[in-house]
Ligand SMILES: [Zn+2]
């Protein structure tokens, strides 16, 4: 009998690029994965740029751009108030 048919798959190693909003990133100066601080670096009409700083040495370890489109999607996923459409009676 094979008892290993329903063996659980091994946990996937975390990729720092898969989810760039992760709170830890690899720092070249520290040569280690360190917790990072997110800082709003630049605000442009169509996007915002975030800077990620290593909390150990304070150097920039990465940046992320949030475009206006992404922001719109984030707003769209918010629950909206339902709009009631009055039903018109057909004919007379
Ligand atoms: Zn560092």
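Values quoted throughout were computed directly from the atomic coordinates according to the rules given, and no laboratory measurement underlies them. Treat the numbers as computed from the prediction; the structure is a model and nothing was measured. Please note: Cβ atoms are built from the backbone with ideal geometry, for glycine as well, and neighbour counts cover all protein chains shown.
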* To do: Provide 33, 67 in ascending order of the number of other Cβ atoms located within 10 Å of each residue's Cβ, fewest first.
  => 67, 33
* Taking neighbour counts of Cβ atoms within 10 Å as a proxy for exposure, in what order, fewest first, do 36, 61, 66, 43 appear? -> 43, 66, 36, 61
* Spin-label model distance (nm) - residue 72 vs residue 47, 7 Å beyond Cα toward Cβ -> 1.5
* Sorting 46, 51 on the 10 Å Cβ count, fewest up front, what's the list? -> 46, 51
